[in-house]
Amino acid sequence: MPGPGQSMHTVATEDSVIILEGVSKYFVTGKRKIAALQNVDMFVRRGIITGLIGPDGAGKTTLMRMSTGLLAPDAGKITILGIDATSDSLLMEASIGYMPQRFGLYEDLTVMENMKLYADLHEVPEELRPPRFEELLHMTGLGPFISRLAGRLSGGMKQKLGLACTLVRPPQLLLLDEPTVGVDPVSRRELWSIVYRLVREEGMSVLLSTAYLDEAERCNDVILFHEGRLLGQGPPESFSEPMQGHTYSVSVPGMKNRVLQGDLLRCPDVTDAVVQGDRVRLVMEGTVPPEPAALLPSAKNMSLTPVRPRFEDAFISILRRSRPVSLKTADEGIVTAAHTGTSDDHIIEVKNVQRKFGDFYAVKRITFSVKKGEVFGLLGANGAGKSTTFRMLCGLLPPSAGNLSVAGVDLRKAPAAARAHIGYMSQKFSLYGNLSVRENLRFFGSTYGLSGRTLRENIQWALERFDLGDHEEITSAELPLGHKQRLAMACALMHNPDILFLDEPTSGVDPIARREFWHRINTLAERGVTVMVTTHFMEEAEYCDSLAVMSAGEILALGTPAEIKAKAVSADLPEPTMEDAFISLISDNAPAQKTS
Amino acid sequence: MTPENVKKTARTSGGLPGGGGKMRLRGLLRKEFLQILRDPSSIAIAFLMPVLLLLLFGYGVSLNAKHVPLGIVVDNPNADTSSFIGSFRQSSYFSPVVMPGMRQAVTAMESGDIEGILHLREDFSRQLRGPEGAPIQVIVDGTDANNARQISGYVQDAWSKWLGLRSIARGSAMNNIPVQTEQRIWFNSELRSRDFLVPGLIAVIMTLIGALLTAMVMAREWERGTMEALLATPVEKREILLGKIIPYFTLGLGGMTLSVTMSFFLFRVPLIGSLFVLFVAASLFLFASLGMGLLISIISKNQFVAGQVAIIVTFLPAFILSGFIFDIRSMPLPIRFVTHLIAASYFVAILQTVFLAGDIWQVILPNALALVIMSAIFLGISTRKFRKRLE
């Protein structure tokens, strides 16, 4: 297979707005020295959108911060707009606009006050301000909210205000650090259209980092990073083109896509298999079309059609060369013991549940139920009410009104009894950073009352099942993100729970770790464990048996992924994706939400 | 545009000396004041806490005993005993309660109704006329050692005064009159503890605003990620630091004005020295406090840690080691040495002098010099350590 992107990798020219030559950066945590960037050579061309793509820990933020002069490289040279970023940073900062990950807004200042502050900092002359402000407010749609405090804006609006603040004086180079993470798909689309417009009308050069691989295809040029190393640079097609002839769409009637995907991943010569819509996307190592019968002898009537490759296929295939996916599932798990397969019993019942914080409704009268052995997803942007719902279900937060029952126990009456049945993995993984992997497992096991032989056996099981054996004496703070996620999940499973709650479990981890993760979830569900998961990755919704799409504390739609997508079918969109469905649900509900 | 051109445009638009910086500083100042006004915790620390502390120390804490309930047991009442007891009734230090017997007095002391017992025995009058003089028994509740010492001191004082008066009245043995010690108290002639506590408290309040509040708001900018956005603009580090120093300096002087007004009008603390000297000294102390606050937040960059460190290295020492409550001269030598490292101790010395004794330059100048040196050190280190970088 040819190296994706490598063919397009030319030398930096006069027309480069960012040039990195042999740049390395190290951080010291405890006794370990971690390389955030290793000997990176790259450039960003003028007048286009360059995407900096990679999972968390790839070095994207470090690169962004070095390009703004906020960090100095340990080795190498960074040139921004012809200026040395390290020695002449003040001069360089006058020509760039930078939006950090958290937007850099003052939450107790209003929209207009924030814009005025940045106009002062960038020394925009008074007479130029009114037209520029008007233009930015129009572009971002923030016009009606100028006197609202920034802290009271939704995630999407904050993102747009952050952008407006970096644009008060039109910069020549715009640096956006993960502007779309956690923001709802509607706001994501709007942000992209603003960025396109800036490039087209104001001739700006844009460097934008993202962990969403599907956004790579929206960029003119893509720089792919993984664990501090540059994997390739070129237009998105230059990555996906070499994958031509490797990609297929597969389905087997009467077989669950999740099961099919798991089986395919275990076949030889398969690079990747991922649930996509109603079918499974298959990426083969070779270009020879696979024979369905040879691939999976057990599957009858397999339909296999070639499809166009996409950026993610290339990324996975590049990563796969250095790291195989680990799919340990066949061994006997402790978790299998107490559970039997799916049944129609509702293990979670939520009726008219509300949660108020002050006069703000985080969750408004939601009702749904989850069957035993089901994978149930809560899909929504940051601030939609997913985490609040979760905390109520885990008995961590009492509801303001309504009924909740988990495993047959009323959570308002006996939250402690219900909690013995559940395993909970929080967004931040909640591990003890200065305890080793084994100590974390022992601690979480003992909090659920395990001791003696059972505890020892379960720790052993977790170390083996989650591939943590090699790391058992390392403190959890030093683990790579993907390992942390595995450890957190192992901790949540130590007491053999009936229900597993996972709050944003895959946020930030690389696509291979995500695949491994979903594979484990599928295995658990097959064995009768009920799994509830929240996510803001639209494509992950496809892995769920049932979904609740949430926005502003309300459930907009409830059903299987296919049912939810069916609601968005129109003449223009005969085959809508989950993202299309989400956007159409939001826009249908928008007038209703505004009046409430 | 070639890189050279870019360089030129950037320079002409960004590097205007003076003129451009003013706009940036103005923006930062406006931002900071708006934040102070909208953040209830800033207002609480800057105005509510001072008022609370002043009320607490002005009204609640008193280091001198007044109207101490004292049980008096007289085994054999006669003219001598009633004359002696009568002298207690005139004293404002005591509220004497005559008890029928020792048993009742002990019970009253145990239940805390009285704080001391004065016992005049059966043979009081007889012994009084003897060569030794009559003994009186004083039993004091020792729970509060300071209080106990004061009560026994007052009783002894009352006893010797009465003896003196008695011998004068009887006119006998004129040559035998004990030497009368006449006490004169300078600088706080009414011996009101409030008069030296309240001025000292001003140093504590200013530490709160200068160091604690400043360290917290600066750390908050790091924590919330706003500092990162700020640093990526063409703002200069001098402007960022001034953007914090000016607002919190102003707030500190506001707190000072409030405290001085309250101590003068509410607590009637005399201000013998000049207001001008007071405010100059306060300004010097504020610079030292701000320097420490900035330094703490530059090192920790985390609100919780910055707050804790500020309390431990600035607020508590200002309370305990500044001479505000405990006299530095009565501290052990090593601790006395430590007090020299505490800016508040110099300020407390100036405050107490200016309020109670006047503009005594021999005291004010050396202490002011120490404050100048400390301000220079802390502001200097902060400026050096603060980088337009994230590491």
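So here's what we get for this one:
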read-out: Selection from region A:200-212 of residues that are of a type in the set (A, V, I, L, M), surrounded by fewer than 23 Cβ atoms within 10 Å (Cβ to Cβ) and either outside the structural domain of A:VAL23 (by TED's automatic domain parsing) or under 23 Å from A:ILE583 (Cβ atoms) (or both); value: A:ALA211
read-out: Residue selected from region B:353-391 under the condition aromatic (Phe, Trp, Tyr) and assigned to a helix (DSSP H, G or I), by the criterion surrounded by the fewest Cβ atoms within 10 Å (Cβ to Cβ); value: B:TRP361
read-out: Residue within region A:129-137 that is of a type in the set (Asp, Glu) and either within 11 Å of another protein chain (Cβ to nearest Cβ) or touching a helix residue (DSSP H, G or I) at 6+ places or on another chain (Cβ under 7 Å) (or both) present; value: no
read-out: Criterion: within 24 Å of the chain's Cα centre (by Cα), among the hydrophobic types (A, V, I, L, M, F, W, C) and over 17 Å from A:GLU374 (Cβ atoms) - qualifying residue of A:ALA571, A:ALA548, A:ALA552, A:ALA562; value: A:ALA552
read-out: Out of A:LEU109, A:LEU121, A:LEU137, A:LEU128, sole residue that is out of contact with any strand residue (DSSP E or B) (no Cβ under 8 Å at 6 or more places or on another chain) and under 20 Å from B:LEU230 (Cα atoms); value: A:LEU121
read-out: Hits in region A:434-467 (condition: under 15 Å from A:ARG486 (Cα atoms), at pLDDT 85 or above and outside any helix (DSSP H, G or I)); value: A:SER436
read-out: Residue in region A:127-143 that is without any contact (Cβ under 8 Å) to a residue 12 or more places away in the chain, assigned to a loop (DSSP other than H, G, I, E, B) and assigned by TED's automatic domain parsing to the domain that holds A:LEU176 present; value: no
read-out: Condition met for A:GLY373 (in contact (Cβ under 8 Å) with a residue 60 or more places away in the chain, under 23 Å from A:ILE521 (Cα atoms), under 27 Å from the mean Cα position of the chain (by Cα) and assigned to a loop (DSSP other than H, G, I, E, B)); value: yes
read-out: Any hit, region A:104-118, residues being over 17 Å from A:THR140 (Cβ atoms), at the interface with another protein chain (Cβ under 7 Å from one of its Cβ atoms) and not in a loop (DSSP other than H, G, I, E, B); value: no
read-out: Some residue of region B:265-279 being closer than 30 Å to B:ALA219 by Cβ, part of a helix (DSSP H, G or I) and hydrophobic (A, V, I, L, M, F, W, C); value: yes
read-out: Any pair with Cβ under 9 angstrom, 6 or more apart, that starts in region A:296-319 at a residue that is within 10 Å of A:MET243 (Cα to Cα) and ends at one that is outside any helix (DSSP H, G or I) and among the hydroxyl-bearing types (Ser, Thr, Tyr); value: A:ARG308/A:THR247; A:PRO309/A:THR247; A:ARG310/A:THR247; A:ASP313/A:THR247; A:ASP313/A:THR271; A:SER317/A:THR271
read-out: Hits in region B:19-37 - residues which are modelled with pLDDT under 90 and either in contact with a Leu (Cβ under 8 Å, 6 or more places away or on another chain) or facing chain A (nearest Cβ under 8 Å) (or both); value: B:GLY20
read-out: Single residue of region B:45-74 satisfying the filter (assigned to a helix (DSSP H, G or I) and loosely packed, with under 13 Cβ neighbours inside 10 Å) that is modelled with the lowest pLDDT; value: B:GLY60
read-out: Failed item in (1) surrounded by fewer than 17 Cβ atoms within 10 Å (Cβ to Cβ); (2) part of a strand (DSSP E or B); (3) facing another protein chain (nearest Cβ under 9 Å), with A:TYR98 passing the rest; value: (1)
read-out: Residues being within 12 Å of chain B (Cβ to nearest Cβ) and hydroxyl-bearing (Ser, Thr, Tyr) - total across region A:156-205; value: 2
read-out: Leading residue by the ranking (nearest to the other protein chains (Cβ to nearest Cβ)) among those in region A:44-90 that are free of Cβ contacts under 8 Å to residues at least 40 places away in the same chain and in a loop (DSSP other than H, G, I, E, B); value: A:GLY82
read-out: Breaking point among (1) loosely packed, with under 10 Cβ neighbours inside 10 Å; (2) at pLDDT 75 or above; (3) of a type in the set (Val, Ile, Thr), for B:VAL140; value: (1)
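Results for (1) within 14 Å of another protein chain (Cβ to nearest Cβ); (2) buried (at least 21 other Cβ atoms within 10 Å of the Cβ), shown as yes or no for each residue.
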site: B:ALA215; (1), (2): no, yes
site: B:GLY225; (1), (2): yes, no
site: B:THR233; (1), (2): yes, yes
site: B:LYS237; (1), (2): yes, no
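Conditions (1) without any contact (Cβ under 8 Å) to a residue 40 or more places away in the chain; (2) part of a helix (DSSP H, G or I); (3) in the same structural domain as B:ASP141 (by TED's automatic domain parsing); (4) out of contact with any helix residue (DSSP H, G or I) (no Cβ under 7 Å at 6 or more places or on another chain), marked per residue:
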position: B:THR81; (1), (2), (3), (4): no, yes, yes, no
position: B:PHE84; (1), (2), (3), (4): no, yes, yes, no
position: B:VAL98; (1), (2), (3), (4): yes, no, yes, yes
position: B:ARG103; (1), (2), (3), (4): yes, yes, yes, yes
position: B:ILE114; (1), (2), (3), (4): no, no, yes, no
position: B:HIS119; (1), (2), (3), (4): no, no, yes, no
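The values are calculated or read from the model by the stated rules, or taken from the named source; none is laboratory data. Just so it is clear, the structure is predicted and the values come from calculations on it, not from any experiment. Glycine gets a Cβ as well: all are built from the backbone with ideal geometry, and neighbour counts include every protein chain shown.
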